[in-house]
Amino acid sequence: GRQELYCHRQGDYNHVAFYALGEKFLVDAGYGLSNEDPAKPKNDFFRYTTAHNCVLIDGLRQRGIASAYGWAEGEMLDFQHGKQFDSSLGDASSCTGTDHRVLRALRRVVLVRQGPCPYLVVVDINERDGRKFLAEALWHTDSENQIEINGTQFVIKGKVNECFGRVLWPENTSLVVANHFGRPQLRVSTRAVVAEIVTIFCPLQRGMKAPEFSCQRIAKGSFIIRCDAAGKTSRLHVNAATTGPLRSPLPMRLEE
């Protein structure tokens with residue numbers, strides 16, 4: 001619809017929330033802190049990209065409100081729904097920083113339902129201006145959860161169940177856990193001219209063994225994700241790349 005100056009807008013293009021097994025594994029900041037004093041000015045941290053499950057480009061926030069460069073407008077380039085998986089491809093390249101747009105800010109999200117186990121894979125491709133930059137994928141969980149990291153693997157511990165996670169690409173990425181306004185925050189950082197980050201989230205009942213995941217890079221933004229569990233194997237051919245003047249998404253498939 002039309003854009004209204006004082007309507008609700010946040011710098012959250014390509015944000016992802018994830019709920020499974022009765023747990024809040026990846027959450028949205030909503031409208032801030034529930035225990036704030038209404039007589040005092042409201043802390044608006046929740047409006048900004050740093051409070052969402054998005055990718056920061058050299059620490060720049062997305063434009064959530066009107067500016068000299070106009071409204072920030074993300075685009076949904078693709079959405080697929082099928083028996084094997086659901087998937088979306090979002091473009092936030094026009095939303096970041098004070099310039100009109102960065103060269104690339106694409107996020108492919110795939111919820112896999114068939115195969116050895118259900119899991120979520122997120123493929124991010126970001127490029128600022130053709131020079132090396134810092135890409136930071138931010139992941140926030142519920143304030144009552146905990147995040148533990150081990151190399152490129154991590155576990156989000158809920159009240160009863162948990163979510164196994166792993167950064168499959170790149171291999172030299174850095175993982176750090178912080179606290180952001182009472183919520184555990186995982187920061188996944190890498191420096192590159194074109195930053196590609198592939199992250200897996202696999203919900204598990206507590207005590208269950210995590211599946212084995214591996215990743216093969218085929219081309220820029222294109223990967224094969226292999227999942228092995230309980231003697232079964234699946235291969236997801238996934239990409240966050242586009243082609244042609246209309247930016248048509250490249251095909252994807254799941255092999256069991």
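Miscellaneous remarks
- Residues that are modelled with pLDDT under 85, under 29 Å from CYS215 (Cβ atoms) and in contact with a Leu (Cβ under 6 Å, 6 or more places away or on another chain) do not occur anywhere in the stretch 51-67.
- Looking only at the stretch 92-113, residues that are at pLDDT 90 or above and farther than 18 Å from THR50 by Cα come to 8 in all.
- Qualifying residue in the stretch 126-149 (condition: assigned to a loop (DSSP other than H, G, I, E, B) and touching a Phe, Trp or Tyr at 6+ places or on another chain (Cβ under 7 Å)): yes
- Of all the listed residues (SER88, SER93), the sole one being without any contact (Cβ under 8 Å) to a residue 24 or more places away in the chain and assigned to a strand (DSSP E or B) is SER88.
- Hits in the stretch 94-142 (condition: of a type in the set (Lys, Arg) and within 10 Å of the chain's Cα centre (by Cα)): ARG107, ARG108
- Top-ranked residue in the stretch 32-55 [being under 24 Å from MET76 (Cα atoms) and surrounded by fewer than 20 Cβ atoms within 10 Å (Cβ to Cβ); ranked as nearest to the chain's Cα centre (by Cα)]: TYR48
- Selection status of GLY158, touching a residue at least 12 places away in the same chain (Cβ under 8 Å), among the small types (Gly, Ala, Ser) and over 16 Å from ALA195 (Cβ atoms): yes
- Complete set of residues in the stretch 96-153 that are of a type in the set (Val, Ile, Thr) and more than 21 Å from GLU75 (Cα to Cα): VAL112, THR141, ILE147, ILE149, THR152
- Taking the stretch 180-255 as the region of interest, the strands (runs of 3 or more DSSP E) fully inside it that hold 1 or more residues being polar (S, T, N, Q), modelled with pLDDT under 90 and open to solvent by less than 20 Å² (accessible area, probe 1.4 Å) are 232-239.
- For beta carbons closer than 7 Å, sequence separation of 6+ or different chains, a first residue in the stretch 210-228 that is without any contact (Cβ under 8 Å) to a residue 24 or more places away in the chain and over 14 Å from VAL194 (Cβ atoms) and a second that is open to solvent by 30 Å² or more (accessible area, probe 1.4 Å) and among the polar types (S, T, N, Q), the qualifying pairs are ILE224/GLN216; ARG226/SER214; ARG226/THR233.
The values are calculated or read from the model by the stated rules, or taken from the named source; none is laboratory data. What you are looking at is a predicted structure, and each value in this text was computed from that prediction instead of being measured. Neighbour counts run over all protein chains shown; Cβ positions are idealised from the backbone, glycine included. We work out accessible area using only protein heavy atoms, side chains counted, and drop any ligands, DNA or RNA first. Shrake-Rupley method; radii C 1.70, N 1.55, O 1.52, S 1.80 Å.
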